[in-house]
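> Here you go, one structure.
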Amino acid sequence: MTRFDLTGKKAIITGAGRGIGKALAVGLAEAGAQVAVVSRTESDLQEVVQAIEANGGVACPIAADVTEAGAAEKVVAQALDALGGLHILVNNAGMNIRKKAHEVSEAEWDRIMDLNLKAAFFLSQAAARTMCEQRYGRIVNIASVAGLVALRTGVAYGASKAGVIQMTRVLALEWSKFGVNVNAIAPWYFRTPLTEALLNDEAFVQEVLQRTPSGRIGDVEDLVGPTIFLSSDAAAYISGQTIAVDGGMSVYGF
Ligand SMILES: NC(=O)C1=CN([C@@H]2O[C@H](COP(=O)(O)OP(=O)(O)OC[C@H]3O[C@@H](n4cnc5c(N)ncnc54)[C@H](OP(=O)(O)O)[C@@H]3O)[C@@H](O)[C@H]2O)C=CC1
Ligand SMILES: C[C@H](O)[C@@H]1OC(=O)[C@H](O)[C@@H]1O
């Protein structure tokens, strides 16, 4: 078994109904993990489960709104029941409402924070009870380069993702001694339903490419390898880190 093999590992991936989370769920299953896929839309989840099973993998759907009170405990309990254990949590579910700072409402701020940061924390807290007790766990938080540098994508979103990055560091400080490593991935633009409208505007795409040394928009497959790595034994001594998967964007000075 190679150090990147996830055979025998049980994983929860949130936001796995489409976009990045769907690619991560399929990828972790291909690497050997049994996966619980979480989102609100059951039909999306069934499609992902069928795709994983068609590849010979094991998956179970958990339809849930992770921002609901008590959802984290329920999702983790359902995954433990369905998979018989838990080793990996990928906090991927996230959303954005792109507004200038003058225009952001309290309700919009709360919606973004509730999903991107609060839900990720309480799912981590619920999963870590099992992970710390068994002295093994991998938590991978999907942040954004918006949490590292200032983007035009909105202050609430950027603050939520910066919060995810700092939450990653503090949870790593508390839980690494139990063999529970907590890391984050910070993507730049990838073509998904979340960014479809933006990336259908060729002028906007050209602006993105001008800030991207690699010269291309990310493909969701570019995120699968780094997520498998951080979920695997190969990352046994890595905790609290954020890996920018951004084509070099976050280091582009001038
Ligand atoms: N695409 C990009 O360019 C980038 C994305 N990211 C981050 O990557 C992550 C995934 O983004 P992306 O794949 O583009 O987003 P999508 O909007 O394409 O997919 C989001 C997924 O999350 C699920 N979801 C949304 N709200 C909830 C909820 N309340 N409870 C449970 N599941 C929910 C959606 O399913 P449903 O609606 O059925 O619940 C869907 O499966 C996010 O955290 C995003 O911030 C970061 C940088 C760049
Ligand atoms: C790179 C950002 O995270 C990107 O910006 C957006 O507008 C989308 O919300 C993506 O998350």
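The values are calculated or read from the model by the stated rules, or taken from the named source; none is laboratory data. Predicted, not measured: the structure shown is a model, and the values here were computed from it. Virtual Cβ from ideal backbone geometry, glycine too; neighbours counted across all protein chains shown. Accessible surface areas use protein heavy atoms only, side chains included; no ligands, DNA or RNA. Shrake-Rupley method; radii C 1.70, N 1.55, O 1.52, S 1.80 Å.
> Rounded, prolate or oblate: pick one for the stretch 17-61, where a ≥ b ≥ c are the square roots of the eigenvalues of its C-alpha gyration tensor, a/c under 1.5 means rounded, and failing that, prolate if a/b is larger than b/c, else oblate.
prolate
> Something else now. Please compute the Kirkwood hydrodynamic radius over the stretch 1-157, one decimal place, Å, based on all pairs of different Cα atoms.
16.1
> Name the long-range amide H neighbours of residue 95: under 5 Å, sequence gap of 5 or more, or other chain; modelled H, no Pro or chain starts.
116
> Something else: Remind me, relative contact order of the chain in percent, using alpha carbon pairs under 8 angstrom and six or more residues apart?
Worked out over the chain, it gives 19 percent.
> Please list 51-57, 23-29, 174-180 highest first by mean number of surrounding beta-carbon atoms within 10 Å per residue.
23-29, 174-180, 51-57
> Continuing with the same structure: Taking θ as phi - 60°, what are the ³J(HN,Hα) couplings along the stretch 140-147 by the Karplus curve (6.51, -1.76, 1.60), each to the nearest whole Hz, with x for Gly and Pro?
After applying 6.51 cos²θ - 1.76 cosθ + 1.60, I find 10, 9, 8, 8, 5, 4, 5, x Hz.
> Follow-up. Through the Karplus equation 6.51 cos²θ - 1.76 cosθ + 1.60, θ set to phi - 60°, convert the phi angles of the stretch 125-135 into ³J(HN,Hα) values in whole Hz; use x for Gly and Pro.
Values per residue, Gly and Pro as x: 4, 5, 5, 5, 4, 6, 4, 5, 5, 8, 6 Hz.
> Pairs to check: 10/99; 10/161; 10/100. Give those whose C-alpha atoms are more than 31 Å from each other in this structure.
10/99; 10/100
> Considering the dipole of the chain built from charges on the beta carbon (Lys and Arg +1, Asp and Glu -1) around the Cα centre, which of 58, 112, 248 is farthest to its positive end?
Most positive-ward Cα: 248.
> Between residue 51 and residue 77, what is 0.36 nm times their sequence separation minus the Cα-Cα distance? Round to one decimal in nm.
7.0 nm
> Separate question: I need the calculated FRET efficiency for the pair residue 108 and residue 202, taking r as the beta carbon distance and R₀ as 22 Å, to the nearest 0.05.
In this case the efficiency is close to 0.20.
> Where only protein heavy atoms count, and the probe is 1.4 Å, what is the accessible area per residue for the chain in Å²?
Ligands and nucleic acids excluded, the figure is 47 Å² per residue.
> Under a 5 Å amide H to amide H cut-off, with H placed in plane at 1.01 Å, what residues pair with residue 58 once short-range neighbours are removed?
Here the answer is 35, since their amide H atoms fall under 5 Å of that of residue 58.
> Excluding same-chain residues fewer than 8 positions from residue 177, which aspartates and glutamates have a Cα within less than 19 Å of its Cα?
133, 233
> Place +1 on the Cβ of every Lys and Arg and -1 on the Cβ of every Asp and Glu in the chain, take the dipole about the Cα centre, and give the residue among 238, 90, 208 whose Cα lies farthest towards its positive end.
238
> Rounded to the nearest 0.05, what FRET efficiency do residue 209 and residue 129 have when you use their Cβ-Cβ distance and R0 = 45 Å?
0.55
> Using a 1.4 Å probe on the protein chains only, how many percent of the accessible area of the stretch 134-254 belongs to carbon and sulfur?
Carbon and sulfur atoms account for 56 percent of the accessible area of the stretch 134-254.
> Still on this structure, please answer the following. Which order do the peptides 159-168, 94-103, 38-47, 62-71 take when ranked by the mean count of other beta-carbon atoms within 10 Å per residue, highest first?
Descending packing order for the listed peptides: 159-168, 38-47, 62-71, 94-103.
> Residues with amide H under 5 Å of residue 180's amide H, sequence separation 5 or more or different chain, H placed in the peptide plane at 1.01 Å from N; which?
137
> On the protein heavy atoms, probe 1.4 angstrom, tell me the percent of accessible surface of the stretch 1-112 carried by carbon and sulfur.
47
> For the chain, what does the helix formula give at 222 nm: sum of -39500 (n - 2.57) over DSSP H segments with n ≥ 4, over the residue count, nearest 500 deg cm²/dmol?
Taken over the chain, the calculation gives -13000 deg cm²/dmol.
> Please calculate the 1.4 Å probe accessible area of residue 73, with all protein chains present, and give it to the nearest 10 Å².
90
> Evaluate the charge dipole of the stretch 99-219 about its Cα centre and quote only its size in Debye, nearest 20, assuming +1 on the Cβ of each Lys and Arg and -1 on the Cβ of each Asp and Glu.
Dipole of the stretch 99-219, to the nearest 20 debye: 500 debye.
> Once phi is turned into ³J(HN,Hα) by the Karplus curve 6.51 cos²θ - 1.76 cosθ + 1.60 with θ = phi - 60°, what whole-Hz value does each residue of the stretch 54-67 show in order, with x for glycine and proline?
Residue by residue, the stretch 54-67 yields 5, 8, x, x, 10, 8, 9, x, 10, 7, 7, 9, 6, 8 Hz.
> I would also like to ask the following. Charges only on Cβ, +1 for Lys and Arg, -1 for Asp and Glu: so what's the dipole of the chain about the Cα centre, in debye to the nearest 20?
Using Cβ point charges on Lys, Arg, Asp and Glu, the chain gives about 640 debye.
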